[in-house]
1. Just for the range 230-271: of the residues that are β-branched (Val, Ile, Thr) and farther than 18 Å from residue 149 by Cβ, which one is surrounded by the most Cβ atoms within 10 Å (Cβ to Cβ)?
2. Among (1) of a type outside the set (Ser, Thr, Tyr); (2) over 36 Å from the mean Cα position of the chain (by Cα); (3) loosely packed, with under 13 Cβ neighbours inside 10 Å, where does residue 136 come up short?
3. Take residue 362 and tell me if it is in contact with a Pro (Cβ under 8 Å, 6 or more places away or on another chain) and either part of a loop (DSSP other than H, G, I, E, B) or at pLDDT below 90 (or both).
4. Is there a residue in the range 226-249 that is among the hydrophobic types (A, V, I, L, M, F, W, C) and over 25 Å from residue 155 (Cβ atoms)?
5. What number of residues within the range 227-273 are in a strand (DSSP E or B) and of a type in the set (Asp, Glu)?
6. Only one of these is β-branched (Val, Ile, Thr), more than 19 Å from residue 337 (Cβ to Cβ) and either in contact with a Phe, Trp or Tyr (Cβ under 7 Å, 6 or more places away or on another chain) or not assigned by TED's automatic domain parsing to the domain that holds residue 388 (or both): 266, 310, 289. Name it.
Amino acid sequence: MDLAVEESAPLAMGSFFDALLQARRDGHLLGQQAFSSGGCRLLELKASHRRLCESTDELRLAASSECRALDQSSLQLQNLYFERQHYEKEIATCRGWASAFSDEQIALVSEEEFAALEGKLAEEADPHQRMLNRLNHEVAFRGEHVKRLDAVKAQRDALAADVAQKRSTVAGLEAEIGKLLAAAQAVQQQYGIGGSGAAAAMSKVSQGCMGMFSKAAPSADVTKLKPGIALPHVTLPTTEGGRVEVGAPTGRWQLVVVYRGKHDPVCVTYLAALQHLMREFEDLSCDVVAVSADTRGKACSFVDDLRGAVLAVSPDTRAGRIGFKVAYGINEEQMRRWGLYVSKPLGPEESITPALFLVNPAGLLHVLSYSNASFARPDLKQIAQGIKMIQDRKQPIRGTYY
């Protein structure tokens, strides 16, 4: 657009009106040519106004397009900034990660040993390819040992289950022998067999049997765990279908919550509160697992009840997802190794009492709590705050003096 032309139109129109006003003051009338010239100048002014409006609309559209491009660039910049923050956080986490094992424990086999085991692969001239050969050898070597370890663990669990079953059988014999002794005494009294000596002998037999079974009682050799030692490793099935190894060092914190089971309604309320705190535990790099002696059917039913309790507080359907693993089937031998309080069982899985173990990244017990009552359990909000305080202040394990 020629701005000089657009500016001349209103100036020319202004000159015409000035001439018209002057002629009126002087009493003269303008001729037809002057009016024709004024009309032309008016048309030029209208045309100039129209062109200016069109130019303004074009500028407005161009500015709107540029604003959209600017907004898009701003959003991209924000996304890149948040992505940068995420990567910086992940990098800091990786740099601050402390392995539970030393470099010597997880190092590759020496080149001499590798050459003795894999002669041809060790003769590779390219250093990069030779290192790849060493890594592939290490993966295969460790994979074979993991398979052997799993087989040994499975054998150990089978033996532990067999021992627990035998202990349960032996514990049940105590009541049966008591019944036999009572029946024998009734027969002696009815037929007048034996006397005080026989009664004394029967009493000694009874006392001996009771003493034998009392020594074999599960509670006799139970020792409570102490801070600073490793939590005995236990491999348990989960309601999700897999298995979890509880207590093994993973380089992360691990919170183990032992609950009584589906038969205890307090457990649903307690673990629902735990679910509402899972975001805090995730931010603390703390894995959470709940453990009970329930069967798989009861454990899955308990998880359904737990989802219902969570959704009753938060109507968000995503809140029904349980963010921690629920393990089941802990047996009497494993309870004994963890030092749990065990009640006289009303049923096969109704004897366990609550406990809580906090395992640090090195696999050691940092905090532990036992309880023999359903209503006496640690406050989970304070547990989360305590873990953060331990991490921030790098507090050592307390209570290891005696």
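The values are calculated or read from the model by the stated rules, or taken from the named source; none is laboratory data. Because the structure is a prediction, the values reported are computed rather than measured. Glycine gets a Cβ as well: all are built from the backbone with ideal geometry, and neighbour counts include every protein chain shown.
1. Looking at residues that are β-branched (Val, Ile, Thr) and farther than 18 Å from residue 149 by Cβ, I get 258.
2. Condition not satisfied by residue 136: (2).
3. Criteria met by residue 362.
4. no
5. Total satisfying the criteria: 1.
6. 266
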